[in-house]
Amino acid sequence: MNKQNILVTGGAGFIGSEVIRQLVNDPSKHVVNFDKLTYAGNLENLKSVEHQENYSFVKGDICDEELLKKVFSEHNIAKVIHLAAESHVDRSILEPLLFVKTNLIGTANLLNVAKTHWNGDFENKLFYHISTDEVYGSLDFGTDLFSETTPYDPRSPYSASKAGSDHLVRSYYHTFGLPVVISNCSNNYGPFQFPEKLIPLCINNILNNKPLPIYGKGENIRDWLYVGDHANAIITILENGEKGETYNIGGDNEWSNLELVKILCRTIDEKLDRNVGESEKLITFVKDRAGHDLRYAIDANKIKNDLGWSPQYQFEEGIKLTVDWYLDQAEWLENITSGSYKTYYQKQYG
């Protein structure tokens with residue numbers, strides 16, 4: 001069988017590993033996971049597929065042009081799902097140049113290698129760039145939604161670097177005819193998420209009776225999407241998306257940070273037979289983050305109408321699945337928080 005060779009950058013991360021776990025179920029696809037294995041890259045996320053014949057792993061940096069050329073050549077890459085990125089807003093405030101290097105320079109490098117390798121033969125080729133709703137800036141309270149035509153207005157070094165990478169991808173489409181698609185997604189949650197993010201951080205802290213830090217008054221609103229639904233949307237776009245188009249992916253689930261944390265508290269108290277309200281006592285309000293966007297909300301009608309995709313998990317169901325997973329995966333969580341998750345794979349890959 002002639003397999004379709006797909007390069008997934010950042011495949012050891014939270015979203016990337018879910019995409020790979022779904023992709024390898026299709027024997028007509030061969031997935032090459034290209035990941036630098038920074039702090040957020042964890043190959044334990046892919047233990048269930050690491051021995052499958054249609055899965056390969058290459059440790060590498062998207063800024064390494066020669067290595068990318070080698071990977072494209074050896075695996076005859078036909079499609080790229082580009083997820084590799086520095087993605088945490090707080091870290092971007094502390095280290096903005098790191099985000100510029102990875103998200104802008106790395107993306108430009110990957111685009112150039114793809115263009116050179118395909119050399120004008122773009123039939124059955126695709127460069128799929130995964131982005132964020134944060135490029136659109138901030139919404140006020142109300143009913144306004146981000147659409148694919150919303151002007152860009154990034155407010156943090158992270159979102160600015162992602163906005164720049166979006167523009168680079170579009171420039172390669174318009175200038176060189178490179179077949180591209182872009183998707184901008186709302187906040188993801190679910191299994192295997194690194195516990196610097198709000199939901200796994202709070203789950204871990206609730207389990208260990210630690211404070212639950214909430215910025216400002218906790219009124220900032222985000223649209224939440226279960227990671228399995230996002231991965232399904234990515235594969236839908238990969239297979240059916242129209243070249244040159246952008247698709248917004250959202251969960252139609254807006255919650256303020258304070259409401260979200262209270263839901264987590266109630267869910268875990270119920271799971272652990274704690275007294276109702278016990279975990280809410282851990283909520284601690286802290287100084288607001290610099291440039292903290294007030295509200296994100298996605299209009300996902302385009303992908304629903306054009307490609308027939310819609311989220312399958314309601315928020316309450318997704319949260320319960322997520323909490324259950326973290327409760328059942330105490331060893332995984334301990335390996336992450338202690339840092340020991342890097343030990344085994346460092347011996348293999350350095």
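We did not get these values from a lab; they are worked out from the coordinates using the rules stated. Keep in mind that this is a model prediction, so the values were computed, not measured. In this analysis, Cβ positions are derived from the backbone assuming ideal geometry, glycine residues included, and neighbour counts consider all displayed protein chains.
Key figures
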item	result
Formal net charge of residues neighbouring Val19 (Cβ-Cβ distance under 13 Å; K, R +1; D, E -1)	-2
For Asp269, Asp223, order by how many other beta-carbon atoms lie within 10 Å, fewest first	Asp269, Asp223
The stretch 148-241 - charge dipole about Cα centre, Lys and Arg +1 at Cβ, Asp and Glu -1, debye rounded to 20	320
Value at 222 nm in deg cm²/dmol, rounded to 500, when DSSP H runs of n ≥ 4 in the chain each add -39,500 (n - 2.57)	-12500 deg cm²/dmol
Rg ratio (alpha-carbon, reference 2.2 N^0.38 Å) - the chain	0.97
Principal axis box of the stretch 113-179, alpha-carbon based, largest edge first, Å	47, 23, 17
Cut-off 19 Å (backbone N to label point 7 Å along Cα→Cβ of Ile105), residues of the stretch 34-64	35-39, 60-64
Listed residues Gly251, Gly120, Gly318, most fluctuating in the chain (Gaussian network, C-alpha, under 10 Å)	Gly120
Neighbour-count order for Lys47, Lys162, Lys243, fewest beta carbons within 10 angstrom listed first	Lys47, Lys243, Lys162
Residues in the stretch 6-31 reached by a label modelled at Asn204 [backbone nitrogen below 17 Å; 7 Å Cα→Cβ]	13-15
The stretch 44-199: relative contact order as a whole-number percent, Cα under 8 Å and 6+ apart	26
In nm, spacing of pseudo-spin labels at Asp64 and Glu242 (7 Å Cα→C-beta vector)	3.9
Relative contact order, percent, the chain [alpha-carbon distance under 8 Å, six or more residues apart]	17
Alpha carbon centroid spacing (whole Å) that separates the stretch 143-160 from the stretch 1-76	29
About the Cα centre, charge dipole magnitude for the stretch 57-110 (Lys/Arg +1, Asp/Glu -1 at Cβ), debye	160
Computed FRET value (nearest 0.05) for Ile283 with Ala330, which takes r as the C-beta separation and R₀ as 22 Å	0.40
